[in-house]
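Below is one structure, written out as structure tokens, with a few remarks after it.
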Ligand code: HEM
């Protein structure tokens, strides 16, 4: 049998040796509501998941500014390592959303009553992240395209060399994709906890989030693919003849 009172006391008054002091574990564990005040046991998970996500967004914002500096200095290997880190964090952020799927819609409703009209849209980390891609794109253009008199089409297609400019661009595409995957999973989480067609605590329909999910940070890097398909496809027109001689009618592969 577990001695609940004793365990709760030990959780809230950690033994502070050097490890705890360096990591400020006491202050970290004070960032959640006192255990005795939780409206439901699930509230602890709800707070911790949101707080951990804020920490990851802090690390992403910090790392993107480092990346900006390394792009300016032409240090591409560092840029790629750090983008790898950022993209791994984005995957963690998306994975962690699923923890909240272990919370029942009933338990969430009691937590929701305590949120005022607060919403994830007010997340300081998320708001900061939304402002970073544009200046980062300007840096990429200056450091990898303008300086060499190149365009995105040149890097991807007409002058394609699978070089540094291409690798950094693909790391940025990966970030863009991971960010949108986070948004898509978050919408699924909303459907699971408060339902489709419901309103946010600000009274807005949650479907408004769909527009954000379709947003692209680096549209030029997506558009170039469609332009390539059009340019390469121009040799056969809109629809290509079968290469097997068989009729493609009804198969609709459309690769
Ligand atoms: C049960 C869990 C959750 C529910 C029911 C929920 C619900 C919502 C709702 C209804 C909105 C729209 C707000 C509005 O229009 O004002 C929203 C936005 C948002 N939430 Fe959550 N959320 C949950 C978990 C999370 C978690 C764990 C995070 C972690 C970062 C998060 C981050 C955000 C962000 C960043 C937005 C703004 C999204 C955008 O503009 O694309 N949410 N959430």
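Listing 162, 185, 8 from the residue with the fewest other Cβ atoms within 10 Å to the one with the most, what is the order? If you can, show how the numbers build up before the last one.
Values: 162 10, 185 18, 8 13.
With the fewest neighbours first, 162, 185, 8 line up as 162, 8, 185.
Against the chain, whose longest principal axis is taken from its Cα atoms, helix 164-193 shows a tilt of about 50°. Against the chain, whose longest principal axis comes from its Cα atoms, helix 219-233 is set at around 30 degrees. As a length-normalised measure over Cα pairs under 8 Å and 6 or more apart, the relative contact order of the chain settles at 20 percent. By the compact-protein rule of thumb, 2.2 N^0.38 Å, the alpha-carbon radius of gyration of region 132-238 corresponds to a ratio of 1.40. Based on the Kirkwood approach, the hydrodynamic radius assigned to the chain is 22.1 Å, with every pair of different Cα atoms included.
Mean residue ellipticity at 222 nm, helices only, the chain: -18000 deg cm²/dmol; runs of at least 4 DSSP H residues each add -39,500 (n - 2.57), and the sum is divided by the number of residues. If you wrap region 1-132 in the convex hull of its Cα atoms and look at it from every side, the mean projected area works out to 11.0 nm².
Only the coordinates and a few stated rules stand behind these numbers; no lab work does. All values derive from a computational prediction rather than experimental measurement. Every residue, glycine as well, gets a Cβ built from its backbone with ideal geometry; the counts of neighbours run over all protein chains shown.
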